[in-house]
Every structure is written in C-alpha cells, then in structure tokens.
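Trainee: Attaching a single structure in structure tokens format; questions to follow.
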Amino acid sequence: VSIDYDALAERWGTPLYVYDLAAVRRAVDGLRDDLPSGATLLYSVKANPHPSVVAELVRSGLGLEVSSSGELAGAVAASDQATGLRTPLVFTGPGKTDLDIGSALDLGVRLFSVESVAERDRLARLAQQRGVDAEYLVRLNHPASNGAGSLRMTGRSTPFGVDTDDTVALRDALRPVRAASPIGLHTYFATNVADADLLAEELVGAVASAATVCEATGHQPKILDVGGGFGAPMARPGALSRHPRLAAALDAAVAQYWPETGTRPRLVFEAGRHLVGTAGTLLTRVVDLKATRARRFAVLDAGVHTVGGMSGLGRLHAPRTVPRGWHETTREPAAVMGEYPVALVGPLCTPLDVLHPEVCPPYELEVGTLLAVPNIGAYGLSASLLGFLGHPVAAEVVVDGEEVVDARRLVLAAEDLRPALDGGAL
Ligand SMILES: Cc1ncc(COP(=O)(O)O)c(C=O)c1O
C-alpha cells in the first residue's frame, strides 16, 4: 500500500500532516509483542491527541494516559466514539488543579498518579465531595540506572514524584485516606530512549526501586506503572526499534522481588511517540530558493509553528528534519565533494525558524517541490506554536490504507474579550 502524497497535498494544500492508522496498528502490535504477557499498555495522549488517532488506539484495546483536562475531554470523546464504552483512563502529571481532578472524577476517571502528599489530599477531598472512591498510584523519583533518554524525569531534583529515599513522605502518601486508596506505584524516567538494552536496564531498575519502596513502607502494590521511554525516529527516516530481551528481564525482576505468584503486581506501560511517531508524515512545499554567501536556503511553507514546537523559542533544539530520500552530509566541505546541502527554513520572521541547518536533497529543488518529512506523528502539530504569526494551521487528513477516513483543519479563532473590560474600553 502506498499513500499518494502528491494527491493529498494537491487536495488539502500544504503544510499537511498525514496520519496513517495502519502504521499505528503495526506499532501497537510490535510493542505488545515485546512487553511481558499480562502487562497493560496505555497510550500517552500528549504525543498526538488527534481524535481519530486516539480512537484507533482505543479500538486496539489500549487504555489512555492523560495529563490535562483538555486531553481528558478529547480522550473521553475519542474513546466513546471508538467503542461506545469508556476505556481505562489514568490521569498523570504534575500540577493537577481542582478543576483537572474534579472534571476527571466527573467524567468517571477513578485512577490517578499523584505527585505528592498534597496532591493525594486534594484528590481525596474532591472524591469525598462527590461521594465517590478514587484509587491512586504514587509517582516515584527513583535513582537513574544510566543516562539514557532525550529528556530525563528521574534520578535528580525534578518536579516529578516523591524521592524513593523519603520514607516519611512515602509512608504518608501510601496511607489510605477516606475516598482515596493507594493501589501501586508509578514512575516515568525518560522519553525517547533509542537503545533497547539501556531501556530494559532502566525499566528493571524502576521495578527494583519500587520493590525497595514497598519494603520500606509495607505497601503491597496491585499495579506497577513503570512508564516507558520507548523511542521512535523523529522527523527523519528510520524504523522503530524492537525490545526482544525486555519481557524476560522484567518478568525475572518481578519474580525476584515478589517471589509468590499471588502477590505480584501487574505491570503497566505508557507509550506515546513509539505508537504514533512513525504514523505521521508532514508534507511541505518549497516556497523560495536562495543562495547567499555560499549557503543555500530552501524556504518552506512549514516552519517551527508547524513542527518543532518550542524550539521556535530557542530553548530546545529543533528536530533535524530530513525529508524522505534526503541525507545529512558527512563530508567537509560538502560542496567541494560534490554534495550541495541546503538549509531548510520555515516562513516565520525569525532566524530560529530552521528545520535543518544543512541537509542534502537527492535532486534539483524547484519552487513548488513537495517534500515529505517522515516519522512526525508524535509531538508534531500539537507541540508546535500554533498561533505564532497567525499562519493558517496545517490541515490534517487521516488515511487507513488507501482510504481517506477523516479530514479537518483546526481554526484558531479570536475570543472577544471586550465585554469583560471596564466600560467596554480597549
Ligand atoms: C509521565 C509520562 N508518561 C508518558 C510520556 C510519553 O512519552 P513518549 O511519548 O516518549 O512515550 C511522557 C512524556 O513526557 C510522560 O511525562
């Protein structure tokens, strides 16, 4: 099956995100095969909250991990649309407000990961007010096994979780209170770990840390949510890595710390980019070609408002976007060796709007040439600065094999705040 990107770009214009549900299903099958049997896999909605993508993951039998009331509302709608039934939802993430927790309880969410004793107390208060019982996992900040991952969340001071050596806080957090009971532990150590062995080592380390906490506090977990960190190529060609040794390593670790089979906690995993990253392609056209002071630029209609998100603020590196069929130059100086790299830049009025500083096209570029950036199904449009300069938001179509099953464009509309101003004056 090949997707006709030219036809899609012709019909919906560029920049255009194309999400392929068949690729989502392949990623789900691969990861499920690599996880221990009996484990639960959750989709981290933050990677791509598009309702058709979320609905596909729900149809595949995954639960959903959400971290804001906005994500939650979208997840609930997608899950109802997909199955008519509510899929298991876990609410995670720091800084949950009364509104976040309250709306989650009202929508039927009963499992939360709490980041502190104060958050557990907030959950208990809000659950009690509603006359419902909630369950929670206590998120841990455990020591790092190695330095893997592109963004680490544990092993140093972070806003995430309770330190595994803070036994006083852990005992308090793991004490059941009225309307809220602890049923296990949660940890999420890093995102996008490319090396499968390093990832396995970290996840085994997470099980060991959880076991130490259980020993110190007497807690008997039903669930160990060990997070994820499963990698995916981003905005460049590449394939998903597999994890052939992971299941055996984790089964052995659980059996070591909980020798009696009846007492073993169920393992839960969260994955975002690994499940949807390879399902996305960004189509963008060359708007202008320039040569200046021995450097060539291809100005695209997609910039850091379309892909690359917060890199537009200069705080993070932009993805080094490599369109399908292109390659990064390894030669120095490239032009002398017969390679003619270009800088891929977007249309924003900032020198930070760079999608790759130096990458080689396989053919002569022209104004209007269509580029297809692969593997940008996760942290693409939704992680971008949509409103920057008020460019129209890229359209999104969803294909299932050769069939187009959904097409839409988000519209950023101004909210009229004038009536709220004193005397109506601006
Ligand atoms: C708690 C938590 N779970 C899941 C994820 C999803 O990560 P990824 O998309 O890399 O799988 C993140 C990402 O930051 C996270 O913080």
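Trainee: Looking only at region 1-36, how many residues end up being open to solvent by 80 Å² or more (accessible area, probe 1.4 Å) and touching a His at 6+ places or on another chain (Cβ under 6 Å)?
Mentor: 0
Trainee: Can you work out which of the residues in region 239-295 that are of a type in the set (Ser, Thr, Tyr) and more than 25 Å from VAL398 (Cβ to Cβ) is nearest to the chain's Cα centre (by Cα)? Spell out the reasoning first.
Mentor: Applying the first criterion (of a type in the set (Ser, Thr, Tyr)) to region 239-295 yields 241, 257, 261, 263, 278, 281, 284, 292.
So of that shortlist, the ones also more than 25 Å from VAL398 (Cβ to Cβ) come out as 241, 257, 261, 263, 292.
Numbers: SER241: 17, TYR257: 30, THR261: 33, THR263: 32, THR292: 38 Å.
Top of the filtered list is SER241.
Trainee: Follow-up. Determine the pairs where a residue that is open to solvent by less than 30 Å² (accessible area, probe 1.4 Å), located within region 226-241, has a partner that is more than 12 Å from the ligand (Cβ to nearest atom) and of a type in the set (D, E, K, R) with Cβ atoms under 8 Å apart, the partner being 6 or more residues away or on another chain.
Mentor: Pairs that qualify, where the first residue is open to solvent by less than 30 Å² (accessible area, probe 1.4 Å) and the partner is more than 12 Å from the ligand (Cβ to nearest atom) and of a type in the set (D, E, K, R), are GLY229/GLU202; ALA235/ARG320.
Trainee: What do you reckon, is ALA211 buried (at least 20 other Cβ atoms within 10 Å of the Cβ), away from the ligand (no atom under 16 Å from the Cβ) and modelled with pLDDT of 95 or more?
Mentor: no
Trainee: Return yes when ALA255 is in contact (Cβ under 8 Å) with a residue 12 or more places away in the chain and out of contact with any Phe, Trp or Tyr (no Cβ under 9 Å at 6 or more places or on another chain) and no when it is not.
Mentor: Values: in contact (Cβ under 8 Å) with a residue 12 or more places away in the chain: no; out of contact with any Phe, Trp or Tyr (no Cβ under 9 Å at 6 or more places or on another chain): yes.
In short, no.
Trainee: Identify all residues within region 242-290 that are within 15 Å of the ligand (Cβ to nearest atom) and of a type in the set (A, V, I, L, M); write none if there are none.
Mentor: Just the residues of region 242-290 that are within 15 Å of the ligand (Cβ to nearest atom), to begin with: 243, 246, 267-280.
Within region 242-290, LEU246, LEU267, VAL268, ALA271, LEU275, VAL276, ALA279 meet the criteria.
Trainee: Look through VAL45, VAL76, VAL109 and report the one residue that is over 27 Å from ASP172 (Cβ atoms), of a type in the set (Val, Ile, Thr), modelled with pLDDT under 95 and away from the ligand (no atom under 15 Å from the Cβ).
Mentor: Working: VAL45 fails: away from the ligand (no atom under 15 Å from the Cβ); VAL109 fails: over 27 Å from ASP172 (Cβ atoms).
Criteria check complete, one pass: VAL76.
Trainee: Still on this model: Looking at ALA148, ALA180, which one is at pLDDT below 85, touching a strand residue (DSSP E or B) at 6+ places or on another chain (Cβ under 7 Å) and surrounded by 15 or more Cβ atoms within 10 Å (Cβ to Cβ)?
Mentor: Values: ALA180 fails: at pLDDT below 85.
Testing whether each residue is at pLDDT below 85, touching a strand residue (DSSP E or B) at 6+ places or on another chain (Cβ under 7 Å) and surrounded by 15 or more Cβ atoms within 10 Å (Cβ to Cβ) leaves just ALA148.
Trainee: A further question follows. Return the pair list, or none, for Cβ contacts closer than 6 Å from residues in region 179-195 that are within 15 Å of the ligand (Cβ to nearest atom) to residues that are among the hydroxyl-bearing types (Ser, Thr, Tyr) and not in a loop (DSSP other than H, G, I, E, B), at least 6 apart or on different chains.
Mentor: Listed pairs, sorted by first residue: HIS186/SER113.
Trainee: Have a look at THR284, THR278, THR292 and point out the one that is of a type in the set (S, T, N, Q) and farther than 26 Å from GLU339 by Cα. Break it down stepwise before answering.
Mentor: On the way: THR284 fails: farther than 26 Å from GLU339 by Cα; THR292 fails: farther than 26 Å from GLU339 by Cα.
Only one candidate passes the filter, namely THR278.
Trainee: Would you confirm, using the coordinates I've provided, whether LYS96 is among the basic types (Lys, Arg) and in a loop (DSSP other than H, G, I, E, B)? Please lay out each step first, then the result.
Mentor: Numbers: among the basic types (Lys, Arg): yes; in a loop (DSSP other than H, G, I, E, B): yes.
When the stated conditions are applied, LYS96 passes them.
Trainee: Residue under question is LEU300, and the condition is that it be surrounded by 23 or more Cβ atoms within 10 Å (Cβ to Cβ) and more than 21 Å from ARG26 (Cα to Cα); does it hold? Walk me through it before giving the result.
Mentor: Values: surrounded by 23 or more Cβ atoms within 10 Å (Cβ to Cβ): yes; more than 21 Å from ARG26 (Cα to Cα): yes.
Considered against the rule, which asks whether it is surrounded by 23 or more Cβ atoms within 10 Å (Cβ to Cβ) and more than 21 Å from ARG26 (Cα to Cα), LEU300 comes out as yes.
So that you can scan it fast, the table gives a plain yes or no per residue for (1) of a type in the set (Val, Ile, Thr); (2) at pLDDT 85 or above:
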site: LEU64; (1), (2): no, yes
site: ASP80; (1), (2): no, no
site: LEU105; (1), (2): no, yes
site: MET153; (1), (2): no, no
site: VAL162; (1), (2): yes, yes
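The values are calculated or read from the model by the stated rules, or taken from the named source; none is laboratory data. These numbers were taken from a predicted model, which means no experiment stands behind them. Cβ atoms come from the backbone with ideal geometry, glycine included; neighbour counts cover every protein chain shown. Quick note on the areas: whole protein, heavy atoms, side chains included, nothing else; ligands and nucleic acids left out. Shrake-Rupley method; radii C 1.70, N 1.55, O 1.52, S 1.80 Å.
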